[in-house]
Amino acid sequence: MEQLRLIKVGRVLDKEYDVVVVGGGPGGSSTAKTLADKGLRVALFEKRPSIGSEKRCAEGLSIGSIKIIEDIFGKVPKKCFARMINGAIVYAPNGKNVLVDFGKDAGAIMERKIFDKWLAMQASKAGAYVQSKTEVYDVIKEGNSVRGVMINFEGKKYEIRSKVVVAADGVESTVARKAGLNTTNKLINIDSGYQYEMSNLKLKDSKKIEIFMGNEIAPRGYVWIFPKGKDVANVGIGIAMSKKPARYYLDKFIEENPKIFSESSIIEVNSGGIPVGGFLENMVMDGLVVVGDAAHQVNPIHGGGMKEATIAGNIAGEVIYRAIKKNNMSILKKYNKLWWKERGKHLRKVERLREVVEKLSDDELNKLADVLKGEDLIEFSRGERLLKLGKILIKNPDLIQLAKKLM
């Protein structure tokens, strides 16, 4: 097995690091930067030739989420933003809509191809070694302990030793499985996603995202339009596993809405699984920590994971640093406790809301549109004030049973 200089110029990949991070998304970069900032020797490997491409994400972030990311990475440059957003329009199956209008910029549609690269560059500037097109095809184990990874770069295989390996390799994570940690999710907690980036659209309001709900439109899910410009948007769908694929429902929606799509073109196509719950009680073993989509750390309502992965990566980095400095890998277990305290309990509440909403009939969704206001939707999308939602619904005789599930 060849050791180890990959290129004849630039930085040399070492044979051993304190930490190896697998996956160059927000979770991996957050972990790598947190650790590099503390002076540890870190390597981050990404299997794709280009970090951030291809995206599997609608690319939306709230202003609050951006601020959380900036606390770790620094000020996000303008080049990472495709479009600022000031609200949302949510449509019931019968076409009635609920408007959310903040009256100011409240979020952004990112350009993940640029944003994720920038995050990885920030980790690199902090001191982490970052390398793309590098497949981690196995882990090194000593008994029940993980002690490094096996990588494949341009057809050549290398052995990289480390004290800790971080599995931030996405929803199809293989690193945790190869290490022997069970991260299997139930099918009920995985949505099927399909998305087009489209141009020459006729958008109703290019400063607002649009959400379309209904069991005929998107079984246990929704269709989204996330503007990236005046006539450009991510148009996608996330649905429960069904007899017909997600693309069928998305194409059907596009065909049935010629006012928006009659002159449009498809610029990019993305698809894949979206975890929407099934949070892990245990995300560690001796020498291994799991972060981001690989640990199902997403918002169960909308499937967004950028903020959650960034927070989890930062928590993981802090815990890993203490474990290495004290030479005590049992400290890694504190990651479970800290993440559940900071994010897990809240996200479990959001998951509970999703479990209720996904069972609603189209008739019930239409009735909800009659009683809810824009500010209600904002709170509920965050998993907040479920008791208030129950009290609103219980005033409507047709929705009393739904209210009882929430109260």
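The values are calculated or read from the model by the stated rules, or taken from the named source; none is laboratory data. From a predicted model like this one, the values you see are computed outputs, not experimental measurements. Here the Cβ is made from the backbone with ideal geometry for all residues, glycine too, and neighbour counts use every protein chain on show.
A count restricted to segment 136-147 and to residues that are crowded, with 18+ Cβ neighbours inside 10 Å, closer than 22 Å to Gly25 by Cα and out of contact with any Leu (no Cβ under 9 Å at 6 or more places or on another chain) stands at 1. When you look at Leu187, is it surrounded by fewer than 21 Cβ atoms within 10 Å (Cβ to Cβ), under 19 Å from the mean Cα position of the chain (by Cα) and either touching a residue at least 24 places away in the same chain (Cβ under 8 Å) or more than 28 Å from Gly64 (Cβ to Cβ) (or both), yes or no? Yes; evaluated as a whole, the condition is true for this residue.
When we screen Lys55, Lys79, Lys38 for residues that are surrounded by fewer than 18 Cβ atoms within 10 Å (Cβ to Cβ) and of a type in the set (D, E, K, R), the only hit is Lys79.
Inspection of segment 313-331 finds no residue satisfying the criterion of being assigned by TED's automatic domain parsing to the domain that holds Pro26, within 30 Å of Glu216 (Cα to Cα) and either touching a Phe, Trp or Tyr at 6+ places or on another chain (Cβ under 6 Å) or surrounded by 23 or more Cβ atoms within 10 Å (Cβ to Cβ) (or both). Selection of first residues in segment 243-265 that are touching a residue at least 24 places away in the same chain (Cβ under 8 Å) and of second residues that are of a type in the set (Phe, Trp, Tyr) and outside any helix (DSSP H, G or I), restricted to Cβ pairs under 6 Å at least 6 apart or on distinct chains, gives the following pairs, ordered by first then second residue: Ala246/Tyr194; Arg247/Tyr194; Leu250/Tyr194. Within the span defined as segment 49-59, every residue fails to be outside any loop (DSSP other than H, G, I, E, B) and modelled with pLDDT of 95 or more.
Quick check on Ser192: is it outside any loop (DSSP other than H, G, I, E, B) and touching a residue at least 40 places away in the same chain (Cβ under 8 Å)?
Yes: the conditions hold for Ser192.
In the set (1) assigned to a helix (DSSP H, G or I); (2) assigned by TED's automatic domain parsing to the domain that holds Ala126, Glu70 fails one condition alone, (2). Look at segment 364-378: where a residue is surrounded by fewer than 18 Cβ atoms within 10 Å (Cβ to Cβ) and a partner is modelled with pLDDT of 80 or more and among the acidic types (Asp, Glu), sitting 6+ places away or on another chain with Cβ atoms under 7 Å, you get Gly374/Asp101.
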